[in-house]
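Structure first, then comments.
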Amino acid sequence: MKIKRLVVLISGSGSNLQALIDQVHLIPKVLAEIVAVISNRADAYGLERATAAGINTQVLDHKAFPSREAFDQALQGLIDEYAPDYVILAGFMRILTADLVNHYHGRMINIHPSLLPDYKGTRTHERVLADGKAEHGASVHFVTAELDGGPVIMQVKIPVLPHDTPESLAQRLLTQEHRIYPAVVKLLANEQVRLGTQGVELDGQLLTQPLLLPSN
């Protein structure tokens, strides 16, 4: 198998990017290399993380474009310069157009802080607490034109504690995100997971439900 080329899109601190650098990027037995990190914000700290790891960085400011469509066209062109096998969304705070998403069908993944299909969109921690849920979690899914609606590959669950706040819940979940995202990227890099015509396939077999990563 050839080494898979990954392009990671970020907008902020890049903690999930760091987890991918530490656990996936040019690690023996993981056939993957992050060839570029692209941000729509020049002040994103994740760019410094990438530079420290010797990874190419690019900034494409969405405010410099007259429309979402124009930005996404430029973004697609920039991504394609690196000929990636997979595009990894790691805190990229942009809603992508259907044309861009469809261009990378089966090759773009995202991590979302909820147990999808529950709590799509933003403010997931607050909403989970407001609804009195007993557990929370994160989902890694293939990206489709439906916001947070693509087929889920893997999930991780954590209990909601009696005195949790949105901040404490988010922080405890983030440590699990740093485990689940590299785990999924490793499966992709080693050609164990793919998006088939009917859904997510693991080693050629259709998954009837998402994989579950044990929390630690």
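Summary table
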read-out	value
Residues within segment 40-79 that are more than 17 Å from the chain's Cα centre (by Cα), of a type in the set (D, E, K, R) and closer than 26 Å to residue 180 by Cα, tallied	2
In segment 32-50, the residues that are crowded, with 17+ Cβ neighbours inside 10 Å and in a loop (DSSP other than H, G, I, E, B)	40, 41, 44
Pair list, Cβ under 9 Å, 6 or more apart: segment 122-149 residue at pLDDT below 95, other residue among the polar types (S, T, N, Q) and loosely packed, with under 15 Cβ neighbours inside 10 Å	145/102
Residue in segment 72-86 that is touching an Asp or Glu at 6+ places or on another chain (Cβ under 9 Å), closer than 27 Å to residue 170 by Cα and of a type outside the set (Gly, Ala, Ser) present	no
Residue match in segment 72-83 (condition: in a helix (DSSP H, G or I), of a type outside the set (Asp, Glu) and farther than 27 Å from residue 149 by Cβ)	no
Residue in segment 178-195 that is surrounded by the fewest Cβ atoms within 10 Å (Cβ to Cβ), counting only those that are part of a strand (DSSP E or B) and not charged (D, E, K, R)	195
Residue identified as hydrophobic (A, V, I, L, M, F, W, C), free of Cβ contacts under 8 Å to residues at least 60 places away in the same chain and exposed (fewer than 15 other Cβ atoms within 10 Å of the Cβ) among 83, 70, 53	70
Hits in segment 1-33 (condition: within 17 Å of residue 180 (Cα to Cα), at pLDDT 95 or above and of a type in the set (Val, Ile, Thr))	8, 21, 24
Extreme residue, nearest to residue 20 (Cα to Cα), among residues of segment 95-136 that are assigned to a strand (DSSP E or B) and more than 14 Å from the chain's Cα centre (by Cα)	136
So residue 104, is it of a type in the set (Phe, Trp, Tyr), touching a residue at least 40 places away in the same chain (Cβ under 8 Å), closer than 22 Å to residue 39 by Cβ and surrounded by fewer than 21 Cβ atoms within 10 Å (Cβ to Cβ)	no
Where residue 198 falls short, out of the listed (1) closer than 28 Å to residue 29 by Cβ; (2) free of Cβ contacts under 8 Å to residues at least 60 places away in the same chain; (3) part of a loop (DSSP other than H, G, I, E, B)	(1)
Hits in segment 148-192 (condition: among the polar types (S, T, N, Q), within 23 Å of residue 6 (Cα to Cα) and over 17 Å from the mean Cα position of the chain (by Cα))	190, 192
Among (1) assigned to a strand (DSSP E or B); (2) under 16 Å from the mean Cα position of the chain (by Cα); (3) not aliphatic (A, V, I, L, M) - the single one residue 13 does not satisfy	(1)
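Let's see how each residue does on (1) under 18 Å from residue 88 (Cβ atoms); (2) modelled with pLDDT under 95:
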{"position": "167", "(1), (2)": "no, no"}
{"position": "172", "(1), (2)": "no, no"}
{"position": "176", "(1), (2)": "yes, no"}
{"position": "184", "(1), (2)": "yes, no"}
{"position": "192", "(1), (2)": "yes, no"}
{"position": "215", "(1), (2)": "no, yes"}
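The values are calculated or read from the model by the stated rules, or taken from the named source; none is laboratory data. Just so you know, these numbers come straight off a predicted model, no measurement behind them. Every residue, glycine among them, receives a Cβ derived from its backbone with ideal geometry; neighbour counts consider all protein chains shown.
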